[in-house]
Amino acid sequence: MVSSSRVFRTVVLVLRVALGAVFAYAAWIKLRQPWELFAMSINDYGVLPDWAVRVVARTLPWAEALIGLALMAGRWLRVSAGAASLLLLVFFGLMVRAYATGMEINCGCFGPGEAISVRTLVRDGGLLAVSLFLTWTSFRGRRRAA
Amino acid sequence: MKLFVLALAALLPCLAASSDADPGKSLGSPSAPIRIEVFSDFECPACKALHEQILPLVFKDYVIPGKVYLVSREYPLPMHQYSREAANYATAAARLGKYQQVADALFLNQLVWEVNGKVWDAVAHVLTPAEAKKVQLEAKDPSVLSEVQRDVDAGRAAGINQTPTIFVTRGTNRFPVVGAVNYNLLRSLLDGLLK
């Protein structure tokens, strides 16, 4: 008979690898295209000045790649899960704001061409929930060891 | 035989650049290194902004120097009541070499005809009486209607769900730019592709 803790650990593992794969995929999509395309998606949200749009467009995909790889490898989990949660919180907040104010813009999550919609909100909300859960488990595991 | 293959290979980029572009709706040289296709809806506010603020800059900085071949394509959205009619008139005007003038007039008066439905009034005043008669006839011609539909089908096949959508093509690389366009970023993209 499989113990509940083993089931729990398996669920955490599957979610961690899946979330890491999503981050790595998002990074790959952005890095294989000119950075200006992602910059245009960021610019559409209308929250950052020009210079900051350029900095974020050039650096965020690399951060996503690192987070994705760390999650998939199970390394530095508190940092990688925490960073994923923070990023997703910001993304989700901006998307909700854009949708609520009727902005017809692209998500920018996985390259250009994906408009913000209920579907994208549900998807990214789900990713945020998974990320927060993994952040909690990473800190919980640490506390238990102590 | 080797010479034949080399000549064919040299010609291929030209064929790709001008494959199905309507010359009446295109600006610049078909052999320019970059091709920009603009899928646009005459009733769309963001398309109006693109046409009036961004494309003139692209024309001045890239089309005139021979760096970009600019192709206009119609993508009337189903929720815009009069945009298909506008697209038909503009495409008909292209047959007379008056596409740019009609497009300018349609976007300039967008706020008027999108409310009152009098699309023809916006088009007619930039045409001579003889041209107006021809455009009215051509706009009902099956070849014009099918050209507009071909653009729509091409846009759907490319996954367009929003206007404006522009495709920047350099060689075999094709990049979509969706929605409102920031010219500084577009310029950075084009300059990077031209290097």
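The values are calculated or read from the model by the stated rules, or taken from the named source; none is laboratory data. Predicted, not measured: the structure shown is a model, and the values here were computed from it. Here the Cβ positions follow ideal geometry from the backbone for every residue, glycine too, while neighbour counts run over all protein chains shown. The area values use the complete protein model at the heavy-atom level, side chains included, leaving out ligands, DNA and RNA. Shrake-Rupley method; radii C 1.70, N 1.55, O 1.52, S 1.80 Å.
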key: Where A:R140 falls short, out of the listed (1) open to solvent by 50 Å² or more (accessible area, probe 1.4 Å); (2) modelled with pLDDT of 95 or more; (3) more than 14 Å from chain B (Cβ to nearest Cβ)   = (2)
inquiry  = Here are the criteria: (1) open to solvent by less than 30 Å² (accessible area, probe 1.4 Å); (2) not in a helix (DSSP H, G or I). Tell me which single one A:Q33 does not satisfy.
reply    = (1)
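Across region B:159-186, what is the total count of residues that are under 19 Å from the mean Cα position of the chain (by Cα), open to solvent by 40 Å² or more (accessible area, probe 1.4 Å) and at the interface with chain A (Cβ under 9 Å from one of its Cβ atoms)?
So in region B:159-186, the residues under 19 Å from the mean Cα position of the chain (by Cα) come out as B:159-170, B:174-183, B:186.
If we keep only those that are open to solvent by 40 Å² or more (accessible area, probe 1.4 Å) as well, we get B:159, B:161, B:170, B:174, B:180.
Add one more test, that the residue is at the interface with chain A (Cβ under 9 Å from one of its Cβ atoms), and what stays is B:159, B:161, B:180.
Total meeting the criteria: 3.
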query = If you go through region A:39-98, how many residues are under 12 Å from the mean Cα position of the chain (by Cα) and surrounded by 15 or more Cβ atoms within 10 Å (Cβ to Cβ)?
reply = 19
Residue list for region B:112-158, restricted to those being open to solvent by 20 Å² or more (accessible area, probe 1.4 Å) and within 14 Å of chain A (Cβ to nearest Cβ) = B:R156, B:A157, B:A158
